[in-house]
Amino acid sequence: MDFNNTEIAFSGKSNTDLKRSYWLFKIIGWNWLIKIGPLLLKIFMPLWIPIPIIKATVFKQFCGGESIDECENTIKELSSHNVKTILDYSVEGKEEETVFDSNVREAIAVIKKAKSNTNIPFSVFKPSGFGRFELLQKVNTKHLLTQNEEAEFERVKNRIDKMCAASFDASIPIFIDAEETWIQNPVDEIALEMMRKYNKEKTIVFNTAQMYRIDRITYLNELKTIAENEGFFIGMKLVRGAYIEQERDRAKKMSYDDPMHKTQEDTDKDFNLAVKFCIENIEKISLCCASHNEKSNLLLIDLMKKHSIDISDNRIYFAQLLGMSDHISNNMGKKGYNVAKYVPYGPVKDVTPYLIRRAEENTSMAGQTGRELSLILAEQQRRKSI
């Protein structure tokens, strides 16, 4: 596997596309601008001034469109490289009951789309898009809920159950994305309940483990024991994690032990241990390795060879975000591995908070922006030399 093959990596990109990508990653590398980005948007977004600029730049790079139908070109383009699509409705920050119910309808629409299109192997949802953050936080602390809150939390669970049931009926696996540690416990509990209910014959429901947490290897072992005792399959999406700055700041501010690993090396170690754990238990665990880290992807490739697992085995998927790490996705797709891109979509204004969060995450990923820039420059140089 040669992740340095930029000809394959950027075969679908024009010279103009490469220039736009280059400058976007350059800007993302400016930490000061990313830090003040939310404030600038809060000031100017009500005037709609940034919308056309965002749509022509960062939205075009990292999103598939404003609706499922608008994502069709992206789905086709990715499939031409043998890369599949995971449609991710990325509207964040809204907490009205009517919005939660609307999000359920959108999620089920994605499941229906996936059932009719073999290039969409999974659906996905973020739990905080279906229930109030403060409610999930209160459940996480195990504080006694009021009668109204109990009814409200029951509605949250019913929404999630409705989506998982639709996935089960359509035979389309569904990812439950991870959240901040201070609301993750109820998410883990709901995910377990959904696995018990829908993973009896095969894996439909996947939970997500953020491996920068110090407790996730223990969580995986405990989940495996429960699954073996109760007779259901596990679906696990492994990520390094998306909220490290918020986690550290909150732990410091509230004077509790930081739940994160102290170093990037410890996070990498646990991520790779988790990959190994899943492969060694492949008869019980289906795995999505959602990583932009070349070493972790190569490790999984080597483990598949070691355990004589076919590269097309649908219990194992690799995944990256749209607009990033094409050198991983396209080179793996070319070799025939199961690989997919997370394709965010939604109205530009509503998706912008997600894009800001991703930009903040990208600045904290050691070497990621520099790696993207070096690959783009290498491809530009290759094209000039032809």
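Just a few scattered comments:
- Cα-based shape type of the chain, given that a ≥ b ≥ c are square roots of the gyration tensor eigenvalues and the cut on a/c is 1.5: rounded
- Computed about the Cα centre, the dipole magnitude for region 6-385 is approximately 1200 debye when only Lys and Arg (+1) and Asp and Glu (-1) carry charge, each at its Cβ.
- Karplus (6.51, -1.76, 1.60) ³J(HN,Hα), θ = phi - 60°, over region 62-78, in Hz, Gly and Pro reported as x: 10, 10, x, x, 8, 8, 4, 4, 5, 7, 4, 4, 5, 4, 5, 5, 5
- Neighbourhood net charge (9 Å Cβ-Cβ; Lys/Arg +1, Asp/Glu -1) for residue 170: +1
- Segments 334-342, 375-383 sorted - mean Cβ within 10 Å per residue, highest first: 334-342, 375-383
- Other residues within the sphere of radius under 11 Å centred on the Cβ of residue 145, judged by their own Cβ, net out at -2 (K and R +1, D and E -1).
- Only aspartates and glutamates eight or more places from residue 60 in sequence, or on another chain, were considered; those with a Cα closer than 17 Å are 17, 69, 70, 72, 77, 88, 326, 350, 372.
- Residue with peak Gaussian network fluctuation, the chain [Cα springs, cutoff 10 Å], from 159, 105, 250: 250
- The mean sequence distance of close C-alpha pairs (under 8 Å, at least 6 residues apart), as a share of the length of the chain, puts its relative contact order at 26 percent.
- Across region 288-296, computed HN-Hα scalar couplings (Karplus, 6.51 cos²θ - 1.76 cosθ + 1.60, θ = phi - 60°) run 10, 8, 9, 8, 9, 8, 4, 5, 5 Hz from first to last residue, x flagging Gly and Pro.
- Farthest toward positive dipole pole in the chain [+1 Lys/Arg, -1 Asp/Glu at C-beta], among 11, 93, 289: 11
- Highest average packing first - 2-11, 167-176, 300-309, Cβ atoms within 10 Å: 167-176, 2-11, 300-309
- Within a straight-line Cα-Cα reach of under 12 Å, residue 349 can be paired with the following aspartates and glutamates, leaving aside sequence neighbours fewer than 8 residues apart in one chain: 66, 92.
- Straight-line reach from residue 142: taking Cα to Cα under 30 Å and skipping same-chain neighbours fewer than 8 places apart, the lysines in range are 94, 126, 157, 162, 197, 200, 224, 237, 252, 253, 262.
- Residues 298, 373, sorted so that the one with the fewest Cβ neighbours within 10 Å comes first: 298, 373
- Segments 57-63, 286-292 sorted - mean Cβ within 10 Å per residue, highest first: 286-292, 57-63
- Helical content alone sets the calculated 222 nm signal of the chain at -18000 deg cm²/dmol, taking -39,500 (n - 2.57) per DSSP H segment of four or more residues and averaging over every residue.
- Amide H contacts of residue 316: 287, each under 5 Å away and 5 or more positions distant or on a separate chain (H built 1.01 Å from N in the peptide plane; Pro and chain starts excluded).
- Coil-residue GluC sites (Glu not before Pro) of region 249-296, DSSP, other Cβ within 10 Å capped at 16: 283
Throughout, read-outs are computed from the coordinates displayed, never taken from laboratory work. Every value quoted in this text rests on a predicted model; they were computed, and no experiment measured them. All Cβ positions, even for glycine, are placed from backbone atoms using ideal geometry, and neighbour counts span all protein chains on display.
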